[in-house]
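Presented below is the structure to which this report refers.
The values are calculated or read from the model by the stated rules, or taken from the named source; none is laboratory data. Here the structure is a predicted model, which means the values were calculated and not measured. For neighbour counting, all protein chains shown are included, and Cβ atoms are generated from backbone atoms with ideal geometry for every residue, glycine included.
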Amino acid sequence: MPRHKRNCHPCQNKILLKELLGSPVIKLENISSYVCRNRYDSPNQPLSEHALANALDVSGFVLASGEHITVLDSWPKASPPLPLQNPIRVTSIGGWAEAILLVMNPKSEFVKKIHDDACGTFETVLGPEANEAHKNHFHLDMKERRSAFCQ
């Protein structure tokens, strides 16, 4: 039986997420669950947890308001580098602080929170920072491991 690393408080998370987005999540968009295959569809890789019906890939969320939030579009983007000092350069309208606000909007905060909270419940959590294959979804599985794997 899979172990849980900590108690999950779905009601508390649901309230926090509703406050962040203004509308509750009513549906998960699943792009893969049971599929008989090896990891990454490679003949040189071991059997995927999907082949054991022990994994779920979530690509997005639907809110009660009808809005769709996807992992691909909403995952926080890397902060832009600070511009080099150049006295001749004309300063642009706005600045680095405004760029940060664009990077961490409520949707970005939401998907990051979902990812981070999943790391406390599932044994394996892979997201956009894990690799190219997971850039558009969260892979969640309950494979027993010596220590949780969260990227």
(request) Pull up the stretch 12-33, narrow it to residues that are exposed (fewer than 13 other Cβ atoms within 10 Å of the Cβ) and over 21 Å from Glu67 (Cα atoms), then point me to the one that is modelled with the highest pLDDT. (result) Ser33
(request) Out of the residues in the stretch 118-136 that are in contact (Cβ under 8 Å) with a residue 40 or more places away in the chain and buried (at least 19 other Cβ atoms within 10 Å of the Cβ), state the one that is farthest from Asn54 (Cα to Cα). (result) Pro128
(message) For the stretch 95-111, check the following and say yes or no: at least one residue is modelled with pLDDT under 90, over 24 Å from Leu140 (Cβ atoms) and either charged (D, E, K, R) or touching a Phe, Trp or Tyr at 6+ places or on another chain (Cβ under 9 Å) (or both).
(response) yes
(request) Could you look through the stretch 137-151, keep only residues that are farther than 17 Å from Ala53 by Cβ and of a type outside the set (S, T, N, Q), and pick out the one that is surrounded by the fewest Cβ atoms within 10 Å (Cβ to Cβ)? (result) Arg146
(request) Output the qualifying pairs, or none if there are none: Cβ atoms under 7 angstrom, residues six or more apart or on different chains, first residue in the stretch 140-151 and farther than 19 Å from Leu47 by Cβ, second residue outside any loop (DSSP other than H, G, I, E, B). (result) Cys150/Val125; Gln151/Leu126
(message) For the stretch 34-45, give me each residue that is hydrophobic (A, V, I, L, M, F, W, C) and either at pLDDT below 85 or surrounded by fewer than 12 Cβ atoms within 10 Å (Cβ to Cβ) (or both).
(response) Cys36
(message) What are the pairs with Cβ atoms under 7 angstrom where one residue, in the stretch 7-36, is over 16 Å from His115 (Cα atoms) and β-branched (Val, Ile, Thr) and the other, located anywhere, is loosely packed, with under 12 Cβ neighbours inside 10 Å and modelled with pLDDT under 70? Sequence gap at least six, or different chains.
(response) none
